Structure formats: C-alpha cells, structure tokens
Amino acid sequence: MRLPRAKPGSAASLGPKIVKPIISGQNVLVARVLLGVTGGIAAYKACELARLLVRAGHELTPILTPETETFVTAKTFEALARREMPRELYPHLVEADLLVVAPLSANTLAKLAHGLADGVLTQTALAFEGTVVVAPAMNPRMWGNPATQANVDVLRSRGVELIGPDEGELAEGEHGMGRMSSPEAIFARCEELLSA
C-alpha cells in the first residue's frame with residue numbers, strides 16, 4: 001500500500017522497497033510481521049493469530065490502537081510476541097515483510113482508505129511499502145454501508161488484500177456478513193504470501 005502516490009520521477013516513485021526475509025541458522029524462513037489490532041470484540045481472535053505467527057518462527061511486532069485495549073490488553077500481545085509494543089513510529093516498523101491488520105474496524109478501514117495517520121498503526125500503514133493484509137470485522141450494516149464498500153474498493157485498488165469478512169453469528173447476537181475470518185485462515189494466507 002503506497003499512500004499518497006509519489007510524484008513521477010521522484011525517488012519514492014521507484015516502487016516498493018524490497019525487504020528480504022531473515023533466514024535462520026536452520027534454513028527456516030523467518031519474516032518480520034507487523035500485527036495491527038483495532039478495537040472490537042474480534043480483537044480476542046488476534047491473540048490466536050499472534051500465537052500462530054510466533055509459533056511459525058516469525059518475528060512479530062504487535063501494534064494496537066487505543067480502542068483495542070478496551071477488549072484485550074497490550075500486555076497480552078507483548079507476551080505472545082515476546083516483545084514490547086511500539087509507542088511511536090520507528091523505522092523498523094516500516095522495514096517489515098508483511099503488515100496484517102486483524103481485526104480491521106470500519107473506523108480504521110476508513111482511515112487507511114483516506115490516508116489518515118492519527119496513531120502508530122495508521123502511521124505505520126501510511127509509511128509501509130510492503131504487502132498489506134487486512135481482515136475486516138464489523139456489524140453487518142456497517143459492512144454493507146456504501147461508504148464502507150467504497151473504502152474497501154479504494155484499498156483493493158491499492159493492492160491491499162482483504163480476507164473476509166465471513167458470514168455468521170456476531171457478538172451482538174445478529175447473523176450476517178461482518179464476522180472476522182478465522183485466525184487459521186488469516187495465518188494460512190499470510191504464509192502463502194510470505195513464501196511467494
């Protein structure tokens with residue numbers, strides 16, 4: 001995801017910076033993965049996604065929005081990732097192999113589509129030049145809203161890969177499209193992208 005577009009001919013317009021994954025001493029591909037987690041009840045599922053990524057040997061850096069901590073604390077993700085969450089944008093945050101945002105709330109989806117950078121996660125997404133994967137999770141009416149669908153179209157046009165949302169029972173007791181895809185499905189797609 002390259003936001004905003006660089007001027008033709010400028011150094012920034014030469015395409016995304018390629019970051020080579022780390023090869024461990026055992027010839028296992030170890031990727032640097034940024035895991036953005038936004039506010040919503042589906043944030044608890046991101047804990048399992050973090051566990052799967054770390055278990056696969058990837059270097060994981062969690063980046064939580066402030067709203068996330070009303071559902072799951074930063075300490076949980078720091079324990080799973082075995083590293084502290086960044087409190088501000090550091091260069092290493094944009095020198096990763098993959099940015100995953102799961103769950104992606106309607107609010108943060110809109111911010112990403114419009115290039116807003118009002119927190120560490122949105123700043124990282126705006127500066128990140130690698131592969132971006134997002135897993136939306138929201139109320140079915142929010143997902144179906146024309147504004148949300150227009151924002152989804154913008155992200156897709158910029159090469160952001162969306163996984164889900166799925167149809168099913170949601171936290172409010174409703175049934176419909178808006179449920180975050182399973183951590184296993186998100187993890188599987190991340191592994192495919194990292195090995196490509």
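Here is how the numbers come out for the structure above:
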{"quantity": "In region 31-48, residue surrounded by the most Cβ atoms within 10 Å (Cβ to Cβ) [restricted to those that are assigned to a strand (DSSP E or B) and among the aliphatic types (A, V, I, L, M)]", "calculated": "VAL37"}
{"quantity": "Residue tally, condition hydroxyl-bearing (Ser, Thr, Tyr) and surrounded by 14 or more Cβ atoms within 10 Å (Cβ to Cβ), over region 142-161", "calculated": "1"}
{"quantity": "Condition met for GLU95 (in contact (Cβ under 8 Å) with a residue 40 or more places away in the chain, surrounded by fewer than 20 Cβ atoms within 10 Å (Cβ to Cβ), closer than 15 Å to ILE63 by Cβ and touching a strand residue (DSSP E or B) at 6+ places or on another chain (Cβ under 9 Å))", "calculated": "yes"}
{"quantity": "Every residue from region 98-154 that is part of a helix (DSSP H, G or I), touching a strand residue (DSSP E or B) at 6+ places or on another chain (Cβ under 9 Å) and over 24 Å from ARG32 (Cα atoms)", "calculated": "ALA106, PRO140, ARG141, MET142, TRP143, GLY144, THR148, VAL152"}
{"quantity": "ARG87, sole failed condition from (1) surrounded by 13 or more Cβ atoms within 10 Å (Cβ to Cβ); (2) closer than 24 Å to THR108 by Cα; (3) at pLDDT 65 or above", "calculated": "(1)"}
{"quantity": "Subset of region 164-196 (residues that are without any contact (Cβ under 8 Å) to a residue 40 or more places away in the chain and not in a strand (DSSP E or B))", "calculated": "GLY164, PRO165, LEU170, GLU172, GLY173, GLU174, ALA185, ALA188, GLU192, ALA196"}
{"quantity": "Selected residue (only one of GLY164, GLY178, GLY119, GLY130 is touching a Phe, Trp or Tyr at 6+ places or on another chain (Cβ under 6 Å) and surrounded by 15 or more Cβ atoms within 10 Å (Cβ to Cβ))", "calculated": "GLY178"}
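The values are calculated or read from the model by the stated rules, or taken from the named source; none is laboratory data. None of the values given here were measured: they were computed from a predicted structure. Note that each Cβ is placed from the backbone with ideal geometry, even for glycine, and that neighbours are counted across all protein chains shown.
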